[in-house]
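Since every read-out is calculated from the coordinates, none of them should be taken as a lab result. These figures come from a predicted structure and were not determined experimentally. Positions of Cβ are backbone-derived with ideal geometry, glycine not excepted, and every protein chain shown enters the neighbour counts.
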Amino acid sequence: MWGIDASPRAVRKAEEKASARGLRVNFRVMNALSLDTLGRTFDTATDSGLFHTLSDADRPVFVKNLAAALVPGGKYFMLCFSDLEPAGYGPRRISKRDIGESFGDGWTIDFIRPATFESHTRVQGTKAWISGISRW
């Protein structure tokens with residue numbers, strides 16, 4: 001199992017949690033826009049809260065790097081802020097159309113469903129999309 005994050009603090013916290021749970025995980029501090037430098041591929045990738053932070057220009061870079069990190073037939077599961085969440089809280093919103101346009105050639109959108117981001121600061125959570133996307 002592998003985990004990456006651009007934040008050294010987030011990686012340290014994840015390492016501590018994994019150690020406390022007796023899990024063996026390879027953690028790396030790195031930018032998701034350079035996944036192609038990992039030098040390996042995976043069957044599955046999960047994203048909880050990254051995609052909605054990407055700029056319009058960074059989305060295709062990320063998708064290209066994700067494709068380099070997934071085997072053909074590999075699965076990508078994404079949880080991102082939804083455009084159904086009213087303005088005023090959190091980062092930019094993502095629409096189903098944004099997801100579809102980002103994952104065109106070389107990808108199949110298996111599902112996009114409403115979900116909720118759990119939050120320490122909002123009891124009700126935040127409206128999100130959960131998506132399953134397959135690489136050809």
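When a/c reaches 1.5 or more, the comparison of a/b and b/c decides; with that in mind, is the chain rounded, prolate or oblate per its Cα gyration tensor?
Note, shape of the chain comes out oblate.
With 10 angstrom as the radius, rank SER102, SER119 by how many other C-beta atoms surround their C-beta, starting from the fewest.
Ascending number of Cβ neighbours within 10 Å: SER119, SER102.
Report the antiparallel proportion of the DSSP beta bridges in the chain as a percent, rounded to a multiple of 5.
Roughly 60 percent of the DSSP beta bridges within the chain come out antiparallel.
Between ARG40 and SER95, take the C-beta separation as r, use R0 = 35 Å, and let me know the FRET efficiency to the nearest 0.05.
Between ARG40 and SER95 the formula returns 0.60.
For LYS64, which lysines qualify as cross-link partners when the Cα separation must be under 16 Å and same-chain residues fewer than eight apart are set aside?
Within the straight-line limit of under 16 Å, LYS64 reaches these lysines: LYS75.
Using just the helices of the chain, give the 222 nm mean residue ellipticity in deg cm²/dmol: DSSP H runs with n ≥ 4 each add -39,500 (n - 2.57), and the total is spread over all residues, rounded to 500.
Counting only the DSSP helices, I get -7000 deg cm²/dmol.
How much length would be gained if the chain were fully extended between ARG122 and SER48, taking 0.36 nm per residue of separation minus their Cα-Cα distance, in nm to one decimal?
25.0 nm
Below 8 Å between Cα atoms, with a sequence gap of 6+, how large is the relative contact order for region 41-135 in percent?
Relative contact order, region 41-135: 33 percent.
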